[in-house]
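Engineer: Let me begin by handing over the structure; questions about it come next.
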Amino acid sequence: MQTFPFRHHNPAGPAYRRGWVDDAVAAIEADQCRTADTHLIRLIVPALSGIDIYLKDESTHPTGSLKHRLARSLFLYALCNGHIREGTPVVEASSGSTAVSEAYFAEMIGVPFYAVMPRTTSAEKIAAIEHYGGNCHLIDDGRALYAEAAALAARLNGHYMDQFTFAERATDWRGNNNIAESIFTQLQGEPRPLPDWIVMGAGTGGTSATIGRYLRYRQYPTRLCVADVEHSAFFDCFRTQDRSQTCDRPSLIEGVGRPRCEPSFVPGVVDRMMKIPDAATIAAMNVLSRRLRRPVGGSTGTNFVALCRLASEMREANVTGSLVTLICDSGERYRQTYYEPAWLAARGLNPAPFEAALSSFLATAEPLALDVDDMVNPQSVPGPTAS
Ligand SMILES: Cc1ncc(COP(=O)(O)O)c(C=O)c1O
């Protein structure tokens, strides 16, 4: 549980107060104080006995995704840096999830909120932002997202939150109940409490940066695998060690995959990357949703493909251990897209063969034949081959 200094903590101290900013920070901290941690679900896969699979369920935050953590951190960072004052309009560039969470915190502290998003953003996310009193500016060219958001903030004399730049530094990577610390605390009572791998996708890259830094800081033997999507620059950036890589087509998987290597992506802490085809992402989303008896979002499918590939490798090497990934958000947000056969067909996505391969792997533990671009960080120290 996070602790924080309550206002008026020391009645004998100076009377000086920062007024509205103190109240805004206190409101966000009090919200955190009322919050329970998200569940770490153990996925039961009898065929894979000896390989324990855990899913950190970030869909259960009040605003429905892992971005609840980031939005809280970004608001605290901006308030404590003096960027947001009473009445400051807050503007964000987002594919949707971050904007939903930021709209929630903006309403909490009473500042106007503007989300600049691609026109393809799901209707559910737009409705959620408006529910919290936020305004949505939809644009056609995703590559113009950053410039449009910066320009809008300048016009409004507001603050451009810029998650893609600040995600990695707004989160306290040493602990303070960040997602990595929470995972390791929750694993304490498990048979294999130090996972072989943690798998995560990349949108800003901030969550993977927090996890990778924390692993190093605590000297854990766990490695970090980042699962990228078909239309995204991150994998090429990692492969070539060139941050100027770009991708012309926008990602079909909301929240993950970017046209450029975002500043918050920290490839040096990533041990391995895989580039998952979109049809495989959808297939894994379906397979996992059936196993959990509730729908997960697209980016969770991306994570799950990479996790299954790692589990298959461990099986083939006769290695026991544990694996962790995230349920980033719920599938309820994507009923009209990833769960809609006509939407998939219109984009030429056929998950059926991947679904068959993944289902068969989880039922039999026979090797998963799913070739994807896969690259180990050349600077990574290899892990043990058997345990
Ligand atoms: C649904 C979803 N999954 C995964 C991610 C990736 O997280 P990060 O931005 O920390 O890389 C995002 C980011 O927006 C997201 O919205």
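Here, each number is a calculation from the coordinates, and none is a lab measurement. Given the structure is predicted, the values throughout are model-derived calculations rather than measurements. No Cβ is skipped: glycine too gets one built from the backbone with ideal geometry, and neighbour counts run over all protein chains shown.
Engineer: Given the options Ser49, Ala36, Ala352, identify the residue whose Cα lies farthest towards the positive end of the charge dipole of the chain (+1 on Cβ of Lys, Arg; -1 on Cβ of Asp, Glu).
Structural biologist: Checking the options against the dipole of the chain, the answer is Ala36.
Engineer: How far is it, in nm, from the label point at Asp31 to the one at Ala352 when both lie 7 Å from their Cα along the line to the Cβ?
Structural biologist: Taking the simple label geometry, Asp31 and Ala352 are separated by 4.6 nm.
Engineer: Given a 10 angstrom Cα cut-off, can you work out which residue in Arg69, Arg18, Arg258 is the most mobile in a GNM of the chain?
Structural biologist: For the chain, modelled as a Gaussian network with Cα springs under 10 Å, the answer is Arg18.
Engineer: Counting only residues 5 or more places away or on other chains, whose amide H sits under 5 Å from the amide H of Cys136 once H atoms are built in the peptide plane?
Structural biologist: Here Ala115 satisfy the definition.
Engineer: Whole-Hz ³J(HN,Hα) for each residue in region 248-256, computed from phi via Karplus 6.51 cos²θ - 1.76 cosθ + 1.60 with θ = phi - 60°, x for glycine and proline: what do you get?
Structural biologist: 6, 8, x, 5, 8, 9, 4, x, 10
Engineer: Here is a follow-up. Could you put Cys237, Cys247, Cys328 in order, starting from the residue whose Cβ has the fewest other Cβ atoms within 10 Å?
Structural biologist: Cys247, Cys237, Cys328
Engineer: Compute the FRET efficiency between Glu340 and Glu107 as 1/(1 + (r/R0)^6), taking r as their Cβ-Cβ distance and R0 = 41 Å, and round to the nearest 0.05.
Structural biologist: Result of the calculation: an efficiency of 0.85.
Engineer: Hey, fewest Cβ within 10 Å first, where do Lys125, Lys56, Lys67 land in order?
Structural biologist: Ranking Lys125, Lys56, Lys67 by Cβ neighbours within 10 Å, fewest first, gives Lys56, Lys125, Lys67.
Engineer: Now a separate question. So what's the back-of-envelope 222 nm ellipticity for the chain, counting only DSSP H runs of four-plus at -39500 (n - 2.57) apiece and dividing by all residues, rounded to 500?
Structural biologist: -12000 deg cm²/dmol
Engineer: Would you mind ranking Arg272, Arg218 so that the residue whose beta carbon has the fewest other beta carbons within 10 Å leads the list?
Structural biologist: Arg218, Arg272
Engineer: In addition: Among all helices in the chain defined by DSSP H, which have a length of 15 Å or more along the axis from Cα atoms plus a Kyte-Doolittle mean of at least 0.0?
Structural biologist: 20-33, 67-80, 97-109, 145-156, 278-292, 352-364
Engineer: Where is the GNM fluctuation largest for the chain (alpha-carbon springs, 10 angstrom cutoff): Thr207, Thr302, Thr185?
Structural biologist: Per the Cα network of the chain with a 10 Å cutoff, Thr185 tops the list.
Engineer: Most fluctuating residue of Glu102, Glu92, Glu366 in a GNM of the chain with Cα springs under 10 Å: which is it?
Structural biologist: Largest GNM mean-square fluctuation: Glu366.
Engineer: If the cut-off is a Cα-Cα distance under 18 Å, which aspartates and glutamates reach Lys56, setting aside same-chain residues fewer than 8 apart in sequence?
Structural biologist: Answer for Lys56, where 18 Å is the Cα cut-off: Asp37, Glu181, Glu190, Asp196, Asp329, Glu332, listed by chain and number.
Engineer: Would you grab the residues whose amide H sits under 5 Å from the one on Ile41? Only those 5+ places off in sequence or on another chain, please, with H modelled 1.01 Å from N.
Structural biologist: The answer is Leu55, Lys56, Asp57.
Engineer: Next question. Out of Pro118, His83, Leu156, whose Cα points farthest toward the positive end of the dipole of region 67-167 (charges: +1 Lys, Arg; -1 Asp, Glu; placed on Cβ)?
Structural biologist: Farthest along the dipole direction, towards plus: His83.
Engineer: In debye to the nearest 20, how big a dipole does the chain give about its Cα centre with +1 on each Lys and Arg Cβ and -1 on each Asp and Glu Cβ?
Structural biologist: With Lys and Arg at +1 and Asp and Glu at -1, about 540 debye.
Engineer: Something else: Cysteines without a disulfide-compatible partner in the chain, using Cβ under 4.7 Å as the rule?
Structural biologist: Unpaired cysteines in the chain: Cys33, Cys80, Cys136, Cys225, Cys247, Cys308, Cys328.
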